[in-house]
Structure formats: structure tokens, C-alpha cells
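The next block holds one structure in the form of C-alpha cells; read it before the comments.
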Amino acid sequence: MKHLVGWVRPSKPADWLREPDRPWAVDPLVVDSAFQLVLYWLHAFRDKAALPVGIKSFVQLLPFGPAPVKCTLVLGEQATAGTLTGSLKLEDGEGRLLAGVLEGRDGVIEPLYAGCVRRLRER
């Protein structure tokens, strides 16, 4: 599988702050949820876990708004057994590009406690 699509819900500053004084410049819930999609892919298709360690660039073209955001993970070539490269596209329901993570890198990729997971699956 070379890509994965999921929908994420945006948040409002009032969901996180007592007295917000302005809207989000970048919604932390959307960005975090996009990276959670990457972690889901690693778990489901590679039986691994990871800690995101950095991204090369994040570009936001339009605000996220209140509607769900379509997140598309496009995988690049895996440089080593411990590195995953790819990009994330964040679009609105009409297909307008809102933001993108270009050449994102997840690091510290490790087997997902394989023995424990296998035993739980066998039950």
C-alpha cells in the first residue's frame, strides 16, 4: 500500500483554552491527527511503532475551518529499516488543498512489541 486516506476533525481554540483571543493559525488537532494516521499505518501494515522526529516543511495555504479535513498519506521510499519518508496532504471536502507536510520523516521505528501483540491476537 502506497497511500492511506482518513478524515480528521478540526478543533477550535475554545476547545483547548479558557479564554482564546484569536483563531488557530495552525490547528494542532488536525496536524497531530495526521501524524496519528501515519502511526496507524505503521501499526496496521508493518506491525511497528514510531515517534515522529521531524518534518522537512509544512505549508498551510488556507485555514482548516470547522468541517472535517481529508488527510492523505503518500509514502515515499523507505531509506532504512528505521526511517519512513512520505508526505501528507490536508484537503477540505471539496478537494481544495489546505495544507501539506512535505517529505515528512518518522524516526525511531521499532517492532511493535511483537511478542505481546502476537499473544493478544491469539486470544
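Quick notes on this one:
- Index of the failed condition, residue 55 passing every other in (1) at pLDDT below 80; (2) among the aliphatic types (A, V, I, L, M); (3) part of a helix (DSSP H, G or I); (4) surrounded by 14 or more Cβ atoms within 10 Å (Cβ to Cβ): (3)
- Note on segment 2-23: residues that are hydroxyl-bearing (Ser, Thr, Tyr) and modelled with pLDDT under 90 amount to 0.
- For segment 1-25, filtered to residues that are of a type in the set (A, V, I, L, M) and farther than 30 Å from residue 46 by Cα, the residue that is surrounded by the fewest Cβ atoms within 10 Å (Cβ to Cβ) is 25.
- Residue 85 vs. criteria in a loop (DSSP other than H, G, I, E, B) and modelled with pLDDT under 85: no
- Pairs meeting the criteria (first residue in segment 29-51 and within 27 Å of residue 14 (Cα to Cα), second residue surrounded by fewer than 20 Cβ atoms within 10 Å (Cβ to Cβ) and among the polar types (S, T, N, Q), beta carbons under 7 Å, at least 6 apart or on different chains) are 29/11.
- Identity of the residue in segment 88-104, closer than 12 Å to residue 34 by Cα and not aliphatic (A, V, I, L, M), that ends up modelled with the lowest pLDDT: 104
- Contacts under 9 angstrom Cβ, first residue in segment 58-74 being over 28 Å from residue 44 (Cα atoms), partner acidic (Asp, Glu), 6 or more apart: 62/92; 63/27; 65/92
- Scanning segment 16-52 for residues that are acidic (Asp, Glu) and either touching a Phe, Trp or Tyr at 6+ places or on another chain (Cβ under 7 Å) or outside any loop (DSSP other than H, G, I, E, B) (or both) yields 27, 32.
The values are calculated or read from the model by the stated rules, or taken from the named source; none is laboratory data. Please read these numbers as outputs of a predicted model, since none were measured by experiment. Positions of Cβ are generated from backbone atoms using ideal geometry, with glycine treated the same way; all protein chains shown enter the neighbour counts.
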